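Beneath this line is the structure, given in structure tokens, with notes to follow.
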Amino acid sequence: MIALTATAIGIATAPMRNIFSMVLVGLLICGSYICAALFGPTSIIDLAVAIVFYNISLLACLAGLHLIGRARKKTRLV
């Protein structure tokens, strides 16, 4: 569930193409982990999984947006 949530957040953040928003969301993930650690038992592996899946989905979406942009440029020139 943590991996799916982090993936969905990464997919929602990628189209913004704003570094500030990407870093802010990463900090919010860390902040929510700290709150969860204060109120209940949690593992550092949960935080690592969330950050890894967030970064993977963010990079995949940004690469996809880049490829779509390149394809559009090629079709406009023809």
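The values are calculated or read from the model by the stated rules, or taken from the named source; none is laboratory data. Just so we're clear, the structure is a prediction, and the values are computed from it rather than from any experiment. Ideal geometry is used to build each Cβ from the backbone, glycine not excepted, and the neighbour counts take in all protein chains shown.
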If I68 passes every condition in (1) free of Cβ contacts under 8 Å to residues at least 24 places away in the same chain; (2) surrounded by 12 or more Cβ atoms within 10 Å (Cβ to Cβ); (3) aliphatic (A, V, I, L, M) but one, which one does it miss? (2)
Any chance you could count how many residues in the stretch 19-34 are of a type in the set (F, W, Y) and over 17 Å from D46 (Cβ atoms)? 1
Just checking, which of A37, A50, A60 is modelled with pLDDT of 90 or more, surrounded by 14 or more Cβ atoms within 10 Å (Cβ to Cβ) and over 18 Å from the mean Cα position of the chain (by Cα)? A37
Cβ-Cβ below 6 Å, separation at least six or inter-chain, first residue in the stretch 13-38 and farther than 16 Å from L62 by Cα, second among the charged types (D, E, K, R) and surrounded by 13 or more Cβ atoms within 10 Å (Cβ to Cβ): which pairs? none
